[in-house]
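These notes are about the structure you will find just below.
The values are calculated or read from the model by the stated rules, or taken from the named source; none is laboratory data. Bear in mind the structure is a predicted one, so any value in this text is a computation, not a measurement. Cβ placement follows ideal geometry from the backbone for every residue including glycine, while neighbour counts extend to all protein chains displayed. Each accessible area value is taken on the protein alone, full model and side chains, heavy atoms only, with ligands, DNA and RNA left out. Shrake-Rupley method; radii C 1.70, N 1.55, O 1.52, S 1.80 Å.
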Amino acid sequence: MIQPLMMSAFGELVISRVPVTKKETLSAFDQADLLVLDYLKTQALLSVNSRVLVVNETFGAITCAVTQALIDVQGCLPVLWSDSHIAHLGLQKNAGANGLPTASFTQAQNTPQGPFNIVILRLPKSHALLRDQVQRMLPQLSPDAVIIMPVMVKHIDNALYQLLESLLGPLTTSLARKKARLIFAVNSLGVGINSPKPQETFWELPALALSLQHFSGVFGRTKLDAGAQVLLDQFPQGPYKLVIDLGCGNGIQAIAAAKKWPDSKVIGFDESYMSLASATINATSNNVADRCEFKANDCLTGVEPQTADLILCNPPFHQERVMGDQIAMRMFAQSAQVLTQNGELWVVGNRHLGYHAKLKRWFASVEQIGAHPKFVVLKAKL
């Protein structure tokens, strides 16, 4: 099991991943986190006047360490800005585990209010989200604010570096240490310019007579992803009383369910705040808001057992840049608890992921409903 103790320039902290698992093999922090904390300490950047914005970190390691440092100098607590409900849970858990006050949290579709003089920006995988965040962040910075981007070297390439230069101007970098590096920029705008609204895209799905709106952090932002299309093509017949769209994204499956079964209650769960905001807007614009509800959650945590008649699931196979089936397995295990005795779990996934065999850990019957060169649709029953 990975040791959750983080030894940084600001002392020891217990930093765990969320959700907590018995046989955790991944760390909740990396060498880039430690490198930026060392830099903050050696440069004595944190003082009573510091207003720190931390962007996109996953489990609150940097935010908790900065909180610890600012308490010592009686400074203002940092703000964590993220699209991830898991990150919010991680911040709360790790702050509590270390006896620290919980820093402020701003959901990604909202803009944190400055002025900030230090930004610690973990670069997201999505270039669209990065562009959106930087454009909204810059007007919230004080003149000559420092922007520090801790990265693992394997995650920075020419295209990403050039995008950062186009957004932030001239960049400098630190020496690499243990495969981590810092990238620096200095704000040149100054505070006082109104931040633009979050970037959105709009497109139509004529086959279902739907119009869709998406914030920058939403998967399938400019077109329907192929997996979702395959599931829609093989949609259950129904009807059902309670339908759950697990990992709802833009809400397309939930909206299709609400239109097909007007008497059903439909709930969408996701950990992306931008996805939930997009899904809520889409349900309203497609006239099913009275039958759809969208909630932030870690999979199906806290959902009452044996209540859902149908669960639709297009599970992710990565968390940011970390690949794996941990999230999908958690979705399947919790679905088995939440379904009624005669309920059904419909899953779409890439063929190579082998979900057919994996679902048999929890379900007595697993049937392939539809196929595609790349995807399969599976129906699982208890």
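Looking at the chain only, what percent of DSSP beta bridges run antiparallel? Nearest 5 please.
50
Modelled label-to-label distance, Glu24 and Arg361, 7 Å Cα→beta-carbon offset: nm?
Reported label-point gap for Glu24 and Arg361 is 1.9 nm.
Along the Cα-to-C-beta direction of Ser211, a point sits 7 Å from the Cα; which residues of the range 254-285 have their amide N less than 11 Å from that point?
285
Express the carbon and sulfur contribution to the solvent-accessible surface of the chain as a percent, rounded to the nearest whole number, probe 1.4 angstrom.
Carbon with sulfur: 52 percent of the solvent-accessible area.
For a quick check, take a GNM of the chain with Cα springs below 10 Å and name the residue from Leu80, Leu175, Leu26 with the largest mean-square fluctuation.
So, out of Leu80, Leu175, Leu26, the one fluctuating most is Leu175.
Heavy atoms only, 1.4 Å probe, whole protein assembly: order Lys379, Lys178, Lys22, Lys374 by accessible area, highest first.
Lys22, Lys178, Lys374, Lys379
What is the range 123-239 by shape, rounded, prolate or oblate, if you read a ≥ b ≥ c off the alpha carbon gyration tensor as root eigenvalues and call it rounded for a/c under 1.5, prolate for a/b larger than b/c, and oblate otherwise?
Oblate is the answer for the range 123-239, as a/c is 1.5 or above yet b/c matches or exceeds a/b.
Return one whole number: the accessible area per residue of the range 336-382 in Å², for a 1.4 Å probe.
Ligands and nucleic acids excluded, the result is 50 Å² per residue.
Counting alpha carbon pairs within less than 8 Å and at least 6 residues apart, what relative contact order, in whole percent, applies to the range 254-382?
About 19 percent, as a whole number.
Taking every eigenvalue of the Cα gyration tensor of the range 230-308, multiplying by 5 and rooting it, what semi-axes result, largest first, whole Å?
17, 16, 12
Rounded, prolate or oblate: which one fits the chain, using the alpha carbon gyration tensor with axes a ≥ b ≥ c (rounded when a/c is under 1.5, else prolate when a/b beats b/c, else oblate)?
Since a/c reaches 1.5 and a/b is larger than b/c, the shape of the chain is classed as prolate.
What figure in square angstrom, to the nearest 10, would you give for the accessible area of Ile281 with a 1.4 Å probe?
The value for Ile281 is about 60 Å².
Relative contact order for the chain: what percent, with Cα pairs under 8 Å and sequence separation of 6 or more?
The value is 11 percent.
Accessible area per residue, 1.4 Å probe, Å², for the range 101-259: what's the number?
Each residue of the range 101-259 exposes 45 Å² on average to a 1.4 Å probe.
With θ set to phi - 60° and the Karplus curve 6.51 cos²θ - 1.76 cosθ + 1.60, what are the ³J(HN,Hα) couplings of the range 204-217 in order, to the nearest whole Hz, using x for Gly and Pro?
Computed from phi, the couplings for the range 204-217 are 10, 10, x, 4, 10, 6, 10, 10, 10, 10, 9, 7, 5, x Hz.
Once label points are set 7 Å from the Cα along Cα→Cβ at both Thr280 and Lys381, what is their separation, rounded to one decimal in nm?
With each label point 7 Å from Cα toward Cβ, the separation is 3.7 nm.
Calculate one ³J(HN,Hα) per residue across the range 171-181 by plugging θ = phi - 60° into the Karplus curve 6.51 cos²θ - 1.76 cosθ + 1.60, and present them in order as whole Hz with x for glycine and proline.
Values, residue by residue: 10, 10, 9, 8, 5, 6, 9, 6, 6, 10, 8 Hz.
Give me the lysines in straight-line cross-link reach of Lys295: C-alpha distance below 16 Å, same-chain residues under 8 apart excluded.
Partners found: Lys265.
Please compute the contact order of the range 191-347 in relative form: average sequence separation of alpha-carbon pairs under 8 Å and at least six residues apart, divided by the residue count, as a percent.
Relative contact order comes out at 21 percent.
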